[in-house]
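Quick notes on the structure that follows.
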Amino acid sequence: MQPTTVWLVRHAETENPHVFNGAETDIGLSDLGFRQAEMAAEWFTSLKPTIVISSAMRRAVDTAQPIVERCRVRHQVEPELHERRIGSLAGTSFSLAEGPWVETLRRWQLGEISYTTPGAESFEEIRDRVFKAWRRNLDDLQGERVVVVAHGVVCKVLLLSLLADHGPADWARIGKAANLSVSELVRTTSGWEARFLLQVPESVARITSDFARLAPVAAAPSVA
C-alpha cells in the first residue's frame, strides 16, 4: 500500500488581514483570497488528492471548495481544526514587533507551552485539540492523498508537534505560514516526515505579488 500523503494548507487571504482573526471571527475571503484559492485548486489537480478536509470556518471552507470542485473529490469538514481562540485580541490590530502575540511566541519558543493571554488558547491546548482531530480524520485514510485546509497557527502547532526533531523552539526556523502555504507530509512506519514545509505554490505567489503591486494596502504580513 502507498503511504498516506497529506498536504497541510493555510487558508487564503481574509477580508480583513490586518487584524487578529481568531476562532471568534468567522470572516470570509478577500477578492485576492478567492483568486489565491482558485490558483491553488489548479495547482492541486496534478497532485491528484483523493479527499479534502477543512476546518468549518468560512475562510477554510471557501479555500477548500475550489480544490474539491476542480479535483472532483469529497469534502469532509472537521470543526475542531478551527483557528486559535484568542480572546480579547479578536479584531484588534496586530504587531509583529511588540505586544501580546510577540510575547506569546517568545514564551512558547522558550518551552512555556502552557503560556497564554486571557481568553486565548496556549500552544499546549491547540496541540491537544488538533491532535485529536488529526487522528480522528486520518487514522482511517491509509494510503490516501489528503488536502487539509486549516489556519496559520494551527498548521504550525501541528507541524512542530508531528515531526520528529521539531518543537516549539523551531517556530521561527521553519518559516512563516503565509496564506496558501503548503506543507507536504508522508506517513511512515516511524511517524510523519516532511517533504517540504510552508511553501506557497508559484502560481499563488505570483498572483499575490501582482495584486500587491496594484493595491499595496491589500497584502498583510503573516502573523504565524
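The values are calculated or read from the model by the stated rules, or taken from the named source; none is laboratory data. No experiment lies behind these values; they were computed from the predicted model shown. Please note: Cβ atoms are built from the backbone with ideal geometry, for glycine as well, and neighbour counts cover all protein chains shown.
For region 3-23, enumerate the residues that are surrounded by 18 or more Cβ atoms within 10 Å (Cβ to Cβ) and outside any strand (DSSP E or B).
Step one: list which residues in region 3-23 are surrounded by 18 or more Cβ atoms within 10 Å (Cβ to Cβ), which gives 4-14, 17, 20-23.
Within region 3-23, 4, 11, 12, 13, 17, 20, 21, 22, 23 meet the criteria.
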Inset, instruction - Considering each of 158, 162, 198, 105 in turn, give the residue that is on the phi > 0 side of the Ramachandran plot, crowded, with 18+ Cβ neighbours inside 10 Å and either of a type in the set (Ser, Thr, Tyr) or under 18 Å from the mean Cα position of the chain (by Cα) (or both). - result: 198
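Can you name every residue in region 47-65 that is more than 13 Å from residue 7 (Cα to Cα), polar (S, T, N, Q) and surrounded by fewer than 24 Cβ atoms within 10 Å (Cβ to Cβ)?
Step one: filter region 47-65 for residues more than 13 Å from residue 7 (Cα to Cα), giving 55-63, 65.
Now restrict to residues that are polar (S, T, N, Q): 55, 63, 65.
Within region 47-65, 65 is the sole residue that qualifies.
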Inset, instruction - Kindly list, by first and then second residue, each pair from a residue in region 144-169 that is under 11 Å from residue 123 (Cβ atoms) to a residue that is assigned to a loop (DSSP other than H, G, I, E, B), limited to pairs with Cβ atoms under 6 Å and residues at least 6 apart or on different chains. - result: 153/84; 153/224; 156/177; 156/224; 160/166; 160/167; 168/113
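Kindly evaluate residue 77 against the criterion of being within 18 Å of residue 154 (Cα to Cα), surrounded by fewer than 20 Cβ atoms within 10 Å (Cβ to Cβ) and touching a residue at least 24 places away in the same chain (Cβ under 8 Å). Let's see the steps before the verdict.
On the way: within 18 Å of residue 154 (Cα to Cα): yes; surrounded by fewer than 20 Cβ atoms within 10 Å (Cβ to Cβ): yes; touching a residue at least 24 places away in the same chain (Cβ under 8 Å): yes.
It is true that residue 77 is within 18 Å of residue 154 (Cα to Cα), surrounded by fewer than 20 Cβ atoms within 10 Å (Cβ to Cβ) and touching a residue at least 24 places away in the same chain (Cβ under 8 Å).
Okay, residues lined up against (1) in contact with a helix residue (DSSP H, G or I) (Cβ under 7 Å, 6 or more places away or on another chain); (2) aliphatic (A, V, I, L, M); (3) closer than 16 Å to residue 83 by Cβ:
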| position | (1), (2), (3) |
| --- | --- |
| 133 | yes, yes, yes |
| 142 | no, no, no |
| 150 | yes, yes, yes |
| 154 | yes, yes, yes |
| 169 | yes, yes, no |
Inset, instruction - Check off (1) free of Cβ contacts under 8 Å to residues at least 60 places away in the same chain; (2) among the polar types (S, T, N, Q); (3) in contact with a strand residue (DSSP E or B) (Cβ under 9 Å, 6 or more places away or on another chain); (4) under 30 Å from residue 117 (Cβ atoms) for residue 36 and give me the number that stays unchecked. - result: (1)
Legend entry - Complete set of residues in region 112-155 that are modelled with pLDDT of 95 or more, surrounded by fewer than 16 Cβ atoms within 10 Å (Cβ to Cβ), touching an Asp or Glu at 6+ places or on another chain (Cβ under 9 Å) and not hydroxyl-bearing (Ser, Thr, Tyr): 132
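Out of 60, 41, report the one residue that is closer than 30 Å to residue 142 by Cβ, touching a residue at least 24 places away in the same chain (Cβ under 8 Å) and in contact with a Pro (Cβ under 9 Å, 6 or more places away or on another chain). Break it down into steps so the answer makes sense when it comes.
Details: 60 fails: in contact with a Pro (Cβ under 9 Å, 6 or more places away or on another chain).
Of the residues listed, the single one that is closer than 30 Å to residue 142 by Cβ, touching a residue at least 24 places away in the same chain (Cβ under 8 Å) and in contact with a Pro (Cβ under 9 Å, 6 or more places away or on another chain) is 41.
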Legend entry - Unique match (being more than 22 Å from residue 8 (Cα to Cα) and aliphatic (A, V, I, L, M)) among 164, 169, 120: 120
Legend entry - Meets criteria (under 24 Å from residue 54 (Cβ atoms) and either outside any helix (DSSP H, G or I) or at pLDDT below 95 (or both)) for residue 83: yes
